[in-house]
2 protein chains.
Amino acid sequence: MIDIVKISKALSDPIRYKILLMLLNHKGCTSSQCETDMKGVCNCEIMEEFGMIQSRVSYHMKELCESGLVTEMPKGKWKYYTLKKEAIREYSKELGVIFQL
Amino acid sequence: MIDIVKISKALSDPIRYKILLMLLNHKGCTSSQCETDMKGVCNCEIMEEFGMIQSRVSYHMKELCESGLVTEMPKGKWKYYTLKKEAIREYSKELGVIFQL
DNA sequence: TGTTCATATCAAAAAAACTTGATATAATTT
DNA sequence: AAATTATATCAAGTTTTTTTGATATGAACA
C-alpha cells in the first residue's frame with residue numbers, strides 16, 4: 001500500500017522536487033562521458049544542472065528511490081534514474097480516495 | 001498559484017496527516033465546554049484525541065492553515081478548523097498537470 | 001594488475017523542524 | 001473589574017534532516 005506521508009516527505013524538499021521535474025523533461029544525456037542513448041538521467045547530469053557535489057546528489061537520489069518515485073538502472077559504472085509516473089499517479093489518486101474528493 | 005512543495009511539507013508530518021483525517025471524519029464536537037453545533041474541530045478536541053499539549057496543537061494548526069489545507073473560523077474564544085478539500089483537490093490535480101499523468 | 005572513474009557510505013557539522021514550558025493576548029464569565 | 005478560559009507566541013531544548021568532506025566499493029580500462 002502506498003504511504004502518503006512518506007511520498008509527501010520526498011516531495012517536500014525543493015531540490016528533490018526540481019530533480020523530479022528534471023527527470024520528467026529529460027531528453028537524453030548531453031554529458032560527454034555518459035552514454036547518450038540511455039533513457040534515464042545520470043548522477044553527473046544532476047550534479048551539473050544544480051551545481052551539487054556528488055554525495056549530496058547520491059543522498060537525494062536515494063531518498064527519491066526509497067520513496068518509490070524514482071527507479072534506478074545501473075549500467076556499468078553509471079546509474080540512470082527515471083521518474084516513476086505510476087507512483088505519482090497512485091499518490092494523486094489515493095489522496096482522492098482518502099479525502100473523498 | 002498552488003505551491004506543491006509547501007503542501008507536500010504540510011502533509012509530510014504524521015501528526016498533521018492524522019489531524020487532517022480527523023477533520024475529514026469529524027461529526028461534531030463532543031467536548032463539554034465547546035459549542036457542539038459548530039461544523040469544525042476545535043483545539044481542545046485535537047488535544048484530547050492525540051494527547052497533545054496546547055502549544056503543540058497550535059503550532060501544527062498554524063502550519064496546516066498556512067499551507068492552505070485547513071481553514072480556521074474564530075468563534076468567541078474558540079477556533080474551529082475545517083478541512084479545505086478544494087486545496088487537496090487542487091494539489092492532486094496540479095500534480096497530474098505538472099507530471100503529465 | 002594497477003589506475004581511473006562513478007557511486008555509496010560514513011561521521012561530523014549545520015540547518016531545519018518539532019516539542020515543551022512559560023508567558024502573553026484576547027474573549028468570557030462571575 | 002477580576003478571574004477564568006482558549007489560543008498565540010517565544011525561547012530553549014530536542015530530534016530529524018540535510019550538507020559536507022573523507023573514505024570505501026565496484027566497474028572499466030590501460
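Mind checking A:75-88 for the average number of partner chain beta-carbons within 10 Å of each residue's beta-carbon? It would help to have the intermediate numbers written out before the result.
On the way: counts 0, 0, 0, 0, 0, 0, 0, 0, 2, 0, 3, 1, 1, 6.
Neighbouring Cβ atoms belonging to other protein chains average 1 per residue here.
Need one word for the protein assembly as shown: rounded, prolate or oblate. Basis is the Cα gyration tensor (sqrt eigenvalues a ≥ b ≥ c); a/c below 1.5 gives rounded, then a/b vs b/c decides. Intermediate values should be presented prior to the final figure.
Working: a/c = 3.17, a/b = 2.65, b/c = 1.19.
Prolate, since a/c reaches 1.5 and a/b exceeds b/c.
Among B:41, A:5, rank each residue by its count of other Cβ atoms within 10 Å, from fewest to most, as a rough exposure measure. Each step should come with its number before you reach the end.
Values: B:41 27, A:5 15.
Result, fewest neighbours first: A:5, B:41.
From the P(r) of region B:4-98, can you give the percent of Cα pairs sitting at distances over 23 Å? Present the calculation step by step, with values, prior to reporting the outcome.
Numbers: 984 of 4465 pairs.
Looking at region B:4-98, the distances longer than 23 Å represent 22 percent of pairs.
In a Gaussian network model over chain A where Cα atoms closer than 10 Å are linked, find which of A:40, A:68, A:51 has the largest mean-square fluctuation.
Answer for the Gaussian network model of chain A: A:51.
Can you flag which of A:85/B:9; A:77/B:9; A:79/B:93; A:9/A:39; A:9/B:85 are past 23 Å Cα-Cα? Walk me through the numbers before you get to the answer.
Working: A:85/B:9 20 Å; A:77/B:9 34 Å; A:79/B:93 31 Å; A:9/A:39 26 Å; A:9/B:85 20 Å.
In this structure, A:77/B:9; A:79/B:93; A:9/A:39 lie more than 23 Å apart at Cα.
Laboratory data are not the source of any read-out in this text; all were calculated from the coordinates shown. None of these values were measured; they are calculated from a predicted model. For neighbour counting, all protein chains shown are included, and Cβ atoms are generated from backbone atoms with ideal geometry for every residue, glycine included.
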